[in-house]
Amino acid sequence: MSGKTALVIIGVAVALAQPGPSESEPTVPLPAPAAEVARGFLNAFVRNDRAAISEMLPKEPKNLYGPSPFSELPEFTKPRADTRVGAIDFRGPMADSGLPSKGIIVLRLVEENDVRAWRVRQIYWYDKLPPEADIPETSPTAEDRLQEPSLRRAATEFVEAWLRQDYETVDSLTFHWWNVPRDPPKWVKSKGIELTGRPTELDGLRADFVVKLRFARVIPKTVRGNLWLVQEDGEWRVRPLTFSFDF
């Protein structure tokens, strides 16, 4: 089984290497209810249970997306498209010191009212991109290359709205992957989750995780990443765009 197959089956748009926490990075207590939601979210993600994931997301746009991890509009480079998947690199200062200063915005081409438009699917920060990352390196066809200016405009519009805290616009420019049903992978099982609370300058809590998976009952795989949790109406919920799963 290839790394790309695993990414597609589990429903990860791209696997990007998150920087491991430094030895000096402090920890913070992770409240039991927050840890329970984080574990439930990760287990649902492994199962591709989009209905369960949706129940664990914030309902209000300001909680679903805010505040922006960017402190200013970053530099965008290397837009590329491959049919319905697009990507563009970014580099710039972040509002959270725990985030690297570079990463990739992944977009999805959708049709809305007979108009084709790029929508942001996920945002990943990384120090080094692993070889298993399943995103286009270049635009393979002339038609794809024609989409590159649209990708840059979509990413710029999204981050600008994010920075001015216009969360209704951010929501309208987002591809809601959690609302797209997917068949569960029958041969991928979660065998354990470890969570560590980390300080963050963003609202809510950051939780680093280690998930031990078992493929086809015999192949072990350890994945790492982080997610952000926010309280809404007294309950902990997970922000979906800044959730990162590292294979």
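Kindly evaluate Ala6 against the criterion of being outside the structural domain of Leu109 (by TED's automatic domain parsing), modelled with pLDDT under 95 and either among the acidic types (Asp, Glu) or crowded, with 20+ Cβ neighbours inside 10 Å (or both).
Answer is yes for this residue.
Among the residues of segment 230-241, what is the count of those that are in a loop (DSSP other than H, G, I, E, B) and closer than 16 Å to Pro31 by Cβ? Full working, then the answer.
Filtering segment 230-241 down to residues in a loop (DSSP other than H, G, I, E, B) leaves 233-234, 239-241.
Still in the running and closer than 16 Å to Pro31 by Cβ: 233-234.
Final tally of qualifying residues: 2.
I'd like the full set of residues that are closer than 13 Å to Arg119 by Cβ and touching a residue at least 40 places away in the same chain (Cβ under 8 Å), limited to segment 161-177. Before you say what the answer is, go through the steps one by one.
First, the residues of segment 161-177 that are closer than 13 Å to Arg119 by Cβ: 161, 169-177.
Hits for segment 161-177 are Val170, Asp171, Leu173, Thr174, Phe175, Trp177.
With the condition kept exactly as written, say whether any residue in segment 73-87 is in contact (Cβ under 8 Å) with a residue 12 or more places away in the chain and within 22 Å of Arg198 (Cβ to Cβ).
no
Can you list the helices (runs of 4 or more DSSP H) lying wholly within segment 118-229 that have 3 or more residues being closer than 28 Å to Ser71 by Cα and at pLDDT 85 or above?
Passing ranges, in order: 148-163, 167-172.
Which one is modelled with the highest pLDDT, of the residues in segment 93-117 that are part of a loop (DSSP other than H, G, I, E, B) and either aromatic (Phe, Trp, Tyr) or under 22 Å from Arg198 (Cα atoms) (or both)?
Pro93
Select from segment 72-115 the residues that are under 19 Å from Asp127 (Cβ atoms) and among the hydroxyl-bearing types (Ser, Thr, Tyr) and write down the one among them that is surrounded by the fewest Cβ atoms within 10 Å (Cβ to Cβ).
Ser97
Mind checking which residues of segment 165-190 are aliphatic (A, V, I, L, M) and surrounded by fewer than 18 Cβ atoms within 10 Å (Cβ to Cβ)?
Result: Val180, single match.
Does Trp162 fit the bill of being surrounded by 13 or more Cβ atoms within 10 Å (Cβ to Cβ) and under 30 Å from Pro26 (Cα atoms)?
In short, yes.
Pick from Asp203, Asp208: which is of a type outside the set (Gly, Ala, Ser), buried (at least 20 other Cβ atoms within 10 Å of the Cβ), in contact with a strand residue (DSSP E or B) (Cβ under 7 Å, 6 or more places away or on another chain) and assigned by TED's automatic domain parsing to the domain that holds Ala38?
The match here is Asp208.
Considering Asn43, Asn48, which residue is in contact with a strand residue (DSSP E or B) (Cβ under 6 Å, 6 or more places away or on another chain) and farther than 27 Å from Val115 by Cα?
That would be Asn43, the only listed residue that is in contact with a strand residue (DSSP E or B) (Cβ under 6 Å, 6 or more places away or on another chain) and farther than 27 Å from Val115 by Cα.
The values are calculated or read from the model by the stated rules, or taken from the named source; none is laboratory data. Note that the coordinates shown come from a computational prediction; the quantities given were computed from them, not determined experimentally. Cβ atoms come from the backbone with ideal geometry, glycine included; neighbour counts cover every protein chain shown.
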